[in-house]
1. With just the Cα atoms defining each centre, how far is the stretch B:54-97 from the stretch B:527-575? Give it in Å.
2. Could you pull the copy-to-copy label distances for residue A:90, with points set 7 Å along Cα to Cβ, in nm to one decimal and sorted shortest first?
3. From the phi of every residue in the stretch A:25-40, what ³J(HN,Hα) in whole Hz does the Karplus formula 6.51 cos²θ - 1.76 cosθ + 1.60 yield, where θ is phi - 60° and glycine or proline is x?
4. Need one number: nm distance between label points at residue B:321 and residue A:355, each 7 Å from Cα along Cα→Cβ, rounded to one decimal.
5. Write down Rg/Rh for the stretch B:380-539, rounded to two decimals, with Rg from the C-alpha atoms and Rh from the Kirkwood relation over Cα pairs.
6. What residues have an amide H closer than 5 Å to that of residue A:511, excluding those fewer than 5 places away on the same chain, when H is modeled at 1.01 Å from N in the peptide plane?
7. Work out the mean other chain Cβ neighbour count within 10 Å for the residues of B:93-106 and drop it here as an integer.
8. Using a/c under 1.5 as the rounded threshold, could you call the stretch B:1-152 rounded, prolate or oblate? The axes a ≥ b ≥ c are square roots of the C-alpha gyration tensor eigenvalues, and prolate needs a/b larger than b/c, oblate otherwise.
2 protein chains.
Amino acid sequence: MRTSNFLLSTLKETPADAEVISHQLMLRAGMIRKVAAGIYNWLPVGLRVLRKVENIVREEMDRAGAQEVLMPTVQPAELWQESGRWEQYGGELLRMQDRHNRDFCLGPTHEEVITSLISNEIRSYKQLPANFYQIQTKFRDERRPRFGVMRAREFIMKDAYSFHLDSDSLGQTYDLMFDTYSRIFTRLGLHFRAVEADTGSIGGNASHEFHVLADSGEDAIAVCDKYEYAANVELAEALAVGGPRPEAAHALTKVDTPDQTTIDQVSRFLDINASNTVKTLLVQGAEGGLVALVLRGDHELNEIKAQKHPLVADPLVWATDDEIKQTIGCAPGSIGVVELAVPVVADRSAANLADFVCGANQDGVHFTGVNWGRDCAEPEVFDLRSVVAGDQCARADHNNEEDQLSITRGIEVGHIFQLGTKYSEAMNATCLDNNGKAVVMPMGCYGIGVSRIVASAIEQNHDARGILWPDSMAPFQLVITPIGYHKSDAVKTTCDELYSTMQQHGMEVLLDDRNERPGIMFADADLIGVPHRVVVGDKSLANGTIEYKNRRKDTAEDVPQNGIVEFLLDRMLKD
Amino acid sequence: MRTSNFLLSTLKETPADAEVISHQLMLRAGMIRKVAAGIYNWLPVGLRVLRKVENIVREEMDRAGAQEVLMPTVQPAELWQESGRWEQYGGELLRMQDRHNRDFCLGPTHEEVITSLISNEIRSYKQLPANFYQIQTKFRDERRPRFGVMRAREFIMKDAYSFHLDSDSLGQTYDLMFDTYSRIFTRLGLHFRAVEADTGSIGGNASHEFHVLADSGEDAIAVCDKYEYAANVELAEALAVGGPRPEAAHALTKVDTPDQTTIDQVSRFLDINASNTVKTLLVQGAEGGLVALVLRGDHELNEIKAQKHPLVADPLVWATDDEIKQTIGCAPGSIGVVELAVPVVADRSAANLADFVCGANQDGVHFTGVNWGRDCAEPEVFDLRSVVAGDQCARADHNNEEDQLSITRGIEVGHIFQLGTKYSEAMNATCLDNNGKAVVMPMGCYGIGVSRIVASAIEQNHDARGILWPDSMAPFQLVITPIGYHKSDAVKTTCDELYSTMQQHGMEVLLDDRNERPGIMFADADLIGVPHRVVVGDKSLANGTIEYKNRRKDTAEDVPQNGIVEFLLDRMLKD
């Protein structure tokens, strides 16, 4: 491509309303332009990148035996009523009526359409398993679209849906998709992690998210490199710290702690470490009444974990100050486990403490030297806290203290999910097994945020001058920057020849034939992130050399003109 | 692809609600499935064909220097209000509101979005001309969607928009797009015609439609093979028949024609040819009052042509019987040109008549021996009729009677249009010329109905057994049909080897490894229209041969097994 025939719409200034670096750089590099909130045009530079991602996703889905289909953007309400989601789905489902006043929606996802289709097309176990995917425009009417295409309303997604005779088969396809996703993100040249995810309210079985790692990621992920374990911080299992529990060494002692209600205040007042205190938090019980959740003073409650405990109301509801006063007789800052009138659930680490400090269920008074089993009943023990950096990995050998979790941040770009029969049951998608008996087909679903990948790759790969594309995603692999294309025949001829030779070798080349200053051409090439650059000028040609520079390196090198093609092919194929 | 891993969802019966053959065959071949009226799923067989079309369109648009972009499906009302079409566009524009009650529509076309985009991105004449295209999902809320994807509501279109400094440049890009479209339809292997089209109410300049020729086409097209001329029958220029006008030979004579009011009745009653009569039709005048349109008795009025005459109201409105009675004094069947009280516009052929018959403006009475200039004023002459087969071509040498038009039928699959400044003016899309003066950019637009092409190709290429794809569009180029794949090792090995060899040669192969009767496998392959088929069975293998058959031929031939690959490559590359 020659820039004279190409819309290279770069911006010098960072647009004021773009908060994250990928959004800023996509606007500055002329990749996208806003049409309305969360709705974008893809300009030529951006679309070239988007297509690269699409093609890699398509190739790997095909390799995994998935079949490509194309379902509609506009979906009839009837299908969503059948699954029950017409009412359940919130404001993100954009509903509308056609000219005959029939109800439709813009598809945010396609479980209903594919399940309805396949329930008609697949009749026999011989046709199973089958996995169908599409790469298609989706619409979710986000209340607050932001960060450019990272959280847009109209976006491009690869969604796949698999159908099975039984859950073993679903498990096999799930594992294949796990491997396929790993291949896809590896081929894209991205630093990523598969993360154990909550199967939550959808009620399926296994689920993994795939995250591109970037400091700006919205999600915190706990990672153990040794065991290839990664989980959302809120879901990662938190092991007990400090166990096993020591013997009791101190007597139970009541101390005055006037106006000391927070862990910080109490620890400082008593000159002890927060890790020797517990906090006692009251929440609504599943069967009415209150329940006490006990954590070490330096740990934080994880509400998602807590509400999974059978005694605790789901979703979690905090007790009010009034309820606490009425039930316990003190303010929230003075509750403790000694003679506590409500059931107690203690976090693993809190349950390992001996001789600890807690409130005395009386304002301005605490106990020291508290011991489980002696001063109060042994608690019910449960994983109630979020992991922190340095926690031991739950998958590791528990005696080996080296296997520690680190916390990193990620952007969710993929999600695979064992749906089970949620949709096939509701929409009566059955097939006949080898005994001629109708079986409700278990399903899996597998999504990739194609347009979001583009943004997440930039979050992970950029510097002060612009984008640092992996070769697999770059809009062009090579840029040829002439110094004096319109003045020197030698420069023009050399550039034109190199341009056409590299194209014949299958490389995507941008020849900057504009009549611009070199500084502007260099800045544009760096901004849009072309991985390889050559500079052709009369000076170096006189020496028989051409200058080469890799976008990720600081220095350029002179390459003999007669060996430039082999040199470039070597560098470009190596990356 | 092996059929065991492929959703080959063929139907034996013709679905009751499919009226046209392409719709029937697309359903029967498992290419599409209806989701709602005018909204379809594309199944794997169909999507493979659709992608072939998309790729050829994309390659040729790229070759022509057009730049691919991607604009959104959901468009904000503001842009349509700016162009004035928010109010003008009828019920086909599906309007909706987002969760914040802002107005949006589903894009049926993208003039507004691209003009708004380009008016911001292109500032200088140096960036012109520029042509931007996308291949994208469109929605038009057709009142009566029908014929499957031929007239669907959600469909796939390639739309392109070019921007220019002046109309000369627009003309050059228009010609380039004309050639590009011709290349596209030629590469698709379709029999097509470029047809002169009405620039009509949009007020642009040149416009051509591209039609795939098929007996079932909705449009009638007048074609002259010698002069490469083709036009919609309603727009084709109709030359005078029977000129020059002979001298008057008979006296004006009034004859009684009781109850004879139609041309048929009068001709039979007077025992003359209908071509010696005229019919006089009264319509509303542009400035009020009535105007008479006069045609030869055997010709039909073309309303589109008539309403272009300055005396005639546009759109054309017929005079009522009451108005005719009041103004002329008789019923519609007895009007004539002698002493007629309203202005007269005669078709070219009617104006060439001498000694003709017409009504006497008196019920039950006609004149014979009527002559223009003698019995009434010379009429204003205008092209008022539609061409019919056998008419002379307007582009031909007018003295050569061999250059006759034939009438054929077509399906519109492409449309190119010189828009001029309609949108750029309304949306203030200007660029600076080389004097630094702001110029409103003339625009062209160029559409191709990608999904409609698939249906139109079937209308043109089918037989009683199914579809006859051109190689360029076929879902698979070759089908391997084993006789006894699950019983004979020799058959299985031969098929597997041939399958992998042909794939290595870049061919798309379907290996029918189902455990089905040969008749079923043959029927499916014919139905989905695979152009080349080989049959591998123990019997022919014993003779050292494999059976080959071309889908368009009636007979098969035996090919030596050791030369089958070369034989197939030869056939498949030749087609």
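Every number in this text was worked out from the coordinates using simple rules, so none of it is lab data. Being a predicted model, the structure only gives us computed values, none of them experimental. Cβ atoms come from the backbone with ideal geometry, glycine included; neighbour counts cover every protein chain shown.
1. 46
2. Between copies, matching label points for residue A:90 lie 4.1 nm apart.
3. Taking θ as phi minus 60°, the curve returns 6, 5, 6, 5, 7, x, 8, 9, 9, 6, 9, 7, 4, x, 10, 10 Hz for the stretch A:25-40.
4. 11.6
5. Details: Rg = 27.4 Å, Rh = 21.7 Å.
So for the stretch B:380-539, dividing Rg by the Kirkwood Rh gives 1.26.
6. For residue A:511, the qualifying residues are A:2, A:3, A:480.
7. On the way: counts 1, 6, 3, 8, 4, 12, 10, 4, 0, 2, 0, 8, 1, 6.
Per residue, the average neighbour count from other chains is 5.
8. Oblate shape, in that a/c is at least 1.5 and b/c is the bigger or equal ratio.
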